[in-house]
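Peer 1: Before we start, here is the structure in question, set down as structure tokens.
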Amino acid sequence: MSWQAELQAMGKMAANVPLAPRTTLGVGGEAAWLFRPSDKVHLIAAMSLIPEDVMLLPLGRGSNVLIADSGIDGLVLDLGDINTLHITDETIKVGAGVRMSKLAQAAANHGLTGLEFMATVPGDLGGGVAMNAGAFGQQISDVLVSVDVLHRDGHMACVSRDALDMRYRYTKLPQGALVVSATLQLETSDTEQIKAAMRDMRSKRSGSQPLALPNCGSVFKNPEGNFAARLIEGVGLKGEQRGKARISDVHANFIVNEGGASSEDVLHLIRLAKAEVKKQTNIDLEPEVKLVGCSL
Ligand SMILES: Cc1cc2nc3c(=O)[nH]c(=O)nc-3n(C[C@H](O)[C@H](O)[C@H](O)COP(=O)(O)OP(=O)(O)OC[C@H]3O[C@@H](n4cnc5c(N)ncnc54)[C@H](O)[C@@H]3O)c2cc1C
């Protein structure tokens with residue numbers, strides 16, 4: 001039996017899957033294969049069956065990726081069914097496929113503070129850990145205790161936060177490892193206060209980001225002591241358009257898809273912003289968005 005047929009028995013397996021609808025930016029080609037294991041046991045079993053030369057891409061909500069128009073000649077892993085969530089006192093153990101907004105809500109309902117920002121950040125816990133997501137002065141590394149990772153050879157390991165070298169939008173996961181679940185340590189607070197903070201963060205967001213159009217969040221990391229949006233606006237690129245992609249008029253560190261943009265359109269704008277900021281300010285902007293199958 002082929003490895004693809006064996007995976008089929010452990011979850012949902014499909015060929016030639018369009019990835020644009022699986023990203024918040026809505027661009028990108030197809031994945032040769034997409035596999036959604038039904039649970040952790042099947043994920044572990046599947047991992048040892050996937051040939052080593054098959055490229056693997058874990059994809060959560062696809063809210064911080066730019067996938068090439070040519071797609072991915074490999075296997076996309078959708079961990080959406082690895083979605084257990086256990087709360088014991090102030091500790092949460094949560095699966096990679098749990099949406100961060102749902103996690104924030106669950107923590108709030110239990111009177112636990114530390115994850116309010118997740119109410120405003122799209123994506124799954126696995127993607128959040130991989131990116132060290134954060135906002136409003138909070139980030140995952142503040143509350144993370146450890147991560148259960150699955151290595152490419154099929155063995156599981158528990159990695160403590162300190163071994164992950166987590167920094168601003170950066171996590172050093174072991175090479176090729178998947179985040180399967182994480183343990184978070186929160187603090188007790190008042191549920192109503194937590195929910196009010198979440199509402200406040202949401203309303204601040206809706207006024208300052210172009211949320212009506214498909215986008216991938218911040219395109220560049222903020223350089224030390226500065227803001228990528230301010231720099232891009234400063235070099236006159238706010239509103240710059242290429243095909244159906246545009247540097248947002250609302251927030252210059254966002255690129256929006258006005259309907260039918262290609263990955264190449266978006267890449268063109270990223271390259272332009274990076275080059276122009278470098279030329280005019282000598283600052284090197286580093287992409288926050290993960291480029292998959294393409295490069296600058
Ligand atoms: C409107 C908008 C606002 C945003 N605001 C913020 C913000 O305020 N703060 C912030 O930090 N981010 C923000 N983002 C970016 C994004 O939401 C975060 O980076 C989020 O953590 C990505 O999660 P995801 O599940 O979508 O990951 P994906 O985009 O699917 O993946 C991101 C990266 O993580 C890897 N990955 C995904 N799952 C796993 C896994 N299980 N194991 C190992 N690697 C994995 C992927 O391969 C990829 O390299 C925003 C995005 C949008 C669209």
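The values are calculated or read from the model by the stated rules, or taken from the named source; none is laboratory data. All of these numbers come straight from a predicted model, not from anything done at the bench. As a convention, Cβ positions derive from the backbone with ideal geometry for all residues, glycine included, and neighbour counts pool all protein chains shown. Just so you know, the surface numbers come from the protein's heavy atoms only, side chains and all, with ligands and any DNA or RNA stripped out. Shrake-Rupley method; radii C 1.70, N 1.55, O 1.52, S 1.80 Å.
Peer 1: Picking from Thr191, Thr183, Thr120, Thr113, which residue would you name as being outside the structural domain of Ile247 (by TED's automatic domain parsing) and touching an Asp or Glu at 6+ places or on another chain (Cβ under 6 Å)?
Peer 2: Just a single option satisfies the conditions, and that option is Thr113.
Peer 1: Within the range 226-258, how many residues are in a loop (DSSP other than H, G, I, E, B), within 24 Å of the chain's Cα centre (by Cα) and more than 15 Å from the ligand (Cβ to nearest atom)?
Peer 2: Going through the range 226-258 one residue at a time, the tally reaches 4.
Peer 1: Within the range 125-152, take every residue that is part of a strand (DSSP E or B) and out of contact with any strand residue (DSSP E or B) (no Cβ under 8 Å at 6 or more places or on another chain) and give me the one that is farthest from the ligand (Cβ to nearest atom).
Peer 2: Of everything passing the filter in the range 125-152, Gln138 is farthest from the ligand (Cβ to nearest atom).
Peer 1: Only one of (1) of a type outside the set (Val, Ile, Thr); (2) modelled with pLDDT of 95 or more; (3) open to solvent by less than 50 Å² (accessible area, probe 1.4 Å) is not met by Gly154, so which one is it?
Peer 2: The single condition Gly154 does not satisfy is (2).
Peer 1: Here's a follow-up. Out of curiosity, is Gly26 under 15 Å from the mean Cα position of the chain (by Cα) and either part of a strand (DSSP E or B) or not charged (D, E, K, R) (or both)?
Peer 2: yes
Peer 1: Taking interchain pairs and intrachain pairs at least six residues apart, which have beta carbon atoms under 9 angstrom, with the first residue in the range 51-66 and open to solvent by 40 Å² or more (accessible area, probe 1.4 Å) and the second polar (S, T, N, Q) and in a loop (DSSP other than H, G, I, E, B)?
Peer 2: The qualifying pairs are Arg61/Thr23; Arg61/Thr24.
Peer 1: Name the residues in the range 261-294 that are within 14 Å of the ligand (Cβ to nearest atom) and within 20 Å of Leu57 (Cα to Cα), would you?
Peer 2: Selection gives Pro287, Glu288, Val289, Lys290, Leu291, Val292, Gly293, Cys294.
Peer 1: Then there's this: Identify the single condition in (1) modelled with pLDDT of 95 or more; (2) open to solvent by 40 Å² or more (accessible area, probe 1.4 Å) that Ser203 does not satisfy, given that it satisfies every other one.
Peer 2: (1)
Peer 1: Looking at the range 81-99, is at least one residue more than 17 Å from Arg22 (Cβ to Cβ), of a type outside the set (S, T, N, Q), without any contact (Cβ under 8 Å) to a residue 12 or more places away in the chain and open to solvent by 10 Å² or more (accessible area, probe 1.4 Å)?
Peer 2: yes
Peer 1: Out of curiosity, is Ala133 within 17 Å of Lys221 (Cβ to Cβ), in contact with a helix residue (DSSP H, G or I) (Cβ under 8 Å, 6 or more places away or on another chain) and buried (at least 22 other Cβ atoms within 10 Å of the Cβ)?
Peer 2: yes
Peer 1: Have a look at Leu237, Leu231, Leu269 and point out the one that is surrounded by fewer than 18 Cβ atoms within 10 Å (Cβ to Cβ) and of a type outside the set (Phe, Trp, Tyr).
Peer 2: Leu237
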